[in-house]
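Taking it in order: structure first as structure tokens, then the write-up.
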Amino acid sequence: MGDTTVLPAGISEGGLVDPPVSLSGSIIHGKGLGKTVGMPTANLDITGAALPLPPGVYAVKILVLGEWRIGVTNIGPRPSVDSVPVTTVETLILDFNQDIYGERVLIRTYLFLRPIQKFSGLEEVKAQVERDSLRAREFFKTEAPGTR
């Protein structure tokens, strides 16, 4: 089988989410664990929502406080920090550090980066999220101007 990767349903070859899928809602408090290692995430309130994408980590654009920003979003469980599988949508907004609790946001997913993984601790999670962030930055650097 080698290096074959099976892409989730709805994701094209190369990982593109085409057309981009949007999620919207208000930002709520999470566990606050990301803050402890310098990567605070914005947790989307998904109470009662059916998620239109399979679990995984995605390169996204997020409209927050009237401005489009680049981010990395985890959709699904967080096996490294939750003992019981709980589905969440949490976004690390790159180059952003403001209190946005209660704010409404719009998240557009563009690229499937990887499936959900379990790590041995928050430092391993942080190292992987840094790699995911680099991939997201590279992806959006090469996109067509004006794409949203």
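Would you mind calculating the relative contact order of the chain from Cα pairs under 8 angstrom and at least 6 residues apart, reporting the percent as a whole number? Intermediate results must be reported in sequence, preceding the final value.
Values: 266 pairs, mean separation 43.0, N = 148.
For the chain, the relative contact order is 29 percent.
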(request) Would you calculate, for the chain, the mean residue ellipticity at 222 nm contributed by helices, counting each DSSP H stretch of 4 or more residues as -39,500 (n - 2.57) and dividing by all residues, to the nearest 500? (result) -5500 deg cm²/dmol
(request) Enumerate the residues in region 51-80 having an amide nitrogen under 16 Å from the point lying 7 Å beyond the Cα of THR142 toward its Cβ. (result) 59-60
(request) Between ASP95, ASP132, ASP18, find the one with the highest GNM mean-square fluctuation for the chain; connect C-alpha pairs within less than 10 Å. (result) ASP95
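At 0.36 nm per residue, and after removing the present C-alpha to C-alpha distance, how many nm does the segment from GLU124 to GLU67 gain when stretched out fully?
Values: separation 57, 0.36 × 57 = 20.52 nm, distance 3.04 nm.
17.5 nm is the gain from fully extending GLU124 to GLU67.
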(request) Specify the residue with the greatest mean-square fluctuation among THR41, THR87, THR73, computed from a Gaussian network of the chain linking alpha-carbon atoms under 10 Å apart. (result) THR87
(message) Placing one identical point scatterer on every Cα of the chain and ignoring solvent, what is log10 I(q)/I(0) from the Debye formula at q = 0.14, 0.16, 0.17 Å⁻¹?
(response) -0.64, -0.86, -0.98
(message) For a quick check: with amide H placed at 1.01 Å from N, whose amide H comes under 5 Å from VAL64's, ignoring anything fewer than 5 positions away on the same chain?
(response) ARG69
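Computed from the coordinates by the stated procedures, all read-outs in this text should not be read as laboratory data. All values reported here derive from a predicted model rather than from experimental measurement. Please note: Cβ atoms are built from the backbone with ideal geometry, for glycine as well, and neighbour counts cover all protein chains shown.
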